[in-house]
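Data first, discussion second: the structure below is written as structure tokens.
The values are calculated or read from the model by the stated rules, or taken from the named source; none is laboratory data. Computed from a predicted model, the values in this text were never measured in an experiment. Every residue, glycine as well, gets a Cβ built from its backbone with ideal geometry; the counts of neighbours run over all protein chains shown. Note: areas computed on protein heavy atoms with side chains; ligands, DNA, RNA excluded. Shrake-Rupley method; radii C 1.70, N 1.55, O 1.52, S 1.80 Å.
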Amino acid sequence: MFPVHRPRRLRRSEVIRRMVRETILTPDDFIYPLFVTFGKGVKKPIASMPGCFQESVDEVVKTAKEAFDLGIPAIILFGIPEHKDEVGSSAFDPHGVVQEAIKAIKDAVPELLIITDVCMCEYTSHGHCGVVRDGEVLNDPTLELLQKEAVSHAQAGADMVAPSDMMDGRVKAIREALDSEGFSHIPIMSYAAKYASSFYGPFRDAAESTPQFGDRRAYQMDPPNRREALKEVALDIEEGADIVMVKPALSYLDIISDVKENFDVPVAAYNVSGEYSLVKAAAQLGWIDHDRVMMEILVSIKRAGADMILTYFAPEAAKILNG
Ligand code: PBG
């Protein structure tokens, strides 16, 4: 009751604010997404994502090393292959871009944790996340391709695989495939509650994975649904997911919070491309303070319950945190 209670007492100086701060970001929270392409000496800026590039293996090794030196513990790799076909066969080519990048990064920075995105959309000519027949993305035939892709990443030396396709039953299928190939120690980070979001727009330019017909609403989740996210997460944990992800992050902070409250596995959140590009664009126009908005966004995702954050801001935020 006023004037006995004056919450402002604990806000008067930075030192006291530091003492009562409930959420502390560190570079340990970040997973940095990188785009690998074919060729040599390639570092092609992604127009809609300032500061992000499509990089050939030799270049991505340098970027990975820089991230590691900033204290970022992990990266997640996306591939842009030279050839795409109906079934995305370069996704499981032992000499594919992601496979080669894993080997080269492991050589140069063995302690950096390498996660791979397991999905077909970057490798298929039609840009969908699975096998297409008569305009329909088929679930069960896709599982076999995802198994091959995950095993191929593990064989190349990936430390963790992250299926992002939203096919039913894929975590179990991938777990079985990894186990039977001698990779029972490789964890699965499942994109468990992944919504059909317009915030992926810039990523699809970056990964050249825009569907050639239709959209992804028949497999990714419908944005208005909240309880359904808990069902998706429960199923993935049952199937063997070690870490569950909510994606996107900002318009889905309620989902992150629900997942954190209801389950006891680590929760990841993906601060996606559109969320990044909005900040970059507004900052370029001089409408916001880039660094402060970036840090506020990242801390909000952690405060909601994320144990780890996949973010294109990782190096910039780590620099600020390292002082
Ligand atoms: C692949 C995949 C996508 C993203 C991560 N993995 C695109 C999509 O589902 O269309 C989006 C990442 C981002 O927007 O930053 N399926």
Quiz item: How many residues are part of a helix (DSSP H, G or I) and within 16 Å of the ligand (Cβ to nearest atom) when one looks only at the range 257-282?
Solution: 9
Practice problem: Would you check if D134 is without any contact (Cβ under 8 Å) to a residue 24 or more places away in the chain and open to solvent by 30 Å² or more (accessible area, probe 1.4 Å)? | Solution: yes
Quiz prompt | Restricting the range 141-168 to residues that are of a type in the set (S, T, N, Q) and either more than 16 Å from the ligand (Cβ to nearest atom) or closer than 11 Å to T116 by Cα (or both), the residue that is farthest from the chain's Cα centre (by Cα) | solution = Q155
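Being assigned to a helix (DSSP H, G or I) and over 22 Å from the mean Cα position of the chain (by Cα) is the filter; apply it to the range 283-302 and report the residue that is farthest from D29 (Cα to Cα). Write out each step before concluding.
Kept after step one, since they are assigned to a helix (DSSP H, G or I), are these residues of the range 283-302: 283-284, 290-302.
Next, only the ones that are over 22 Å from the mean Cα position of the chain (by Cα) stay: 283-284, 292.
On the way: A283: 24, Q284: 27, R292: 18 Å.
That would be Q284.
Residues in the range 283-303 that are open to solvent by less than 20 Å² (accessible area, probe 1.4 Å) and away from the ligand (no atom under 16 Å from the Cβ): how many? It would help to see each step written out before you state the result.
So the first thing to find is which residues in the range 283-303 are open to solvent by less than 20 Å² (accessible area, probe 1.4 Å), and the list is 294, 298, 300-301.
Going one step further and asking which of them are away from the ligand (no atom under 16 Å from the Cβ), we end up with 300.
Total meeting the criteria: 1.
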Quiz prompt | Failed item in (1) surrounded by fewer than 19 Cβ atoms within 10 Å (Cβ to Cβ); (2) acidic (D, E); (3) closer than 25 Å to T210 by Cβ, with E275 passing the rest | solution = (1)
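Conditions tested, residue by residue: (1) more than 30 Å from H128 (Cβ to Cβ); (2) within 17 Å of the chain's Cα centre (by Cα); (3) not polar (S, T, N, Q).
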{"residue": "V15", "(1), (2), (3)": "yes, no, yes"}
{"residue": "R18", "(1), (2), (3)": "yes, no, yes"}
{"residue": "S48", "(1), (2), (3)": "no, no, no"}
{"residue": "P81", "(1), (2), (3)": "no, no, yes"}
Quiz item: Here are some residues: S190, S198. Which one is within 15 Å of the ligand (Cβ to nearest atom), at pLDDT 95 or above and under 13 Å from the mean Cα position of the chain (by Cα)?
Solution: S190
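Counting just the residues of the range 193-250 that are polar (S, T, N, Q) and open to solvent by less than 60 Å² (accessible area, probe 1.4 Å), which one comes out farthest from C121 (Cα to Cα)? Break it down into steps so the answer makes sense when it comes.
Step one: of the range 193-250, the residues polar (S, T, N, Q) are 197-198, 209-210, 212, 220, 225.
Narrowing further to those that are open to solvent by less than 60 Å² (accessible area, probe 1.4 Å): 197, 209, 220, 225.
Details: S197: 15, S209: 6, Q220: 13, N225: 24 Å.
Among those residues, the one meeting the criterion is N225.
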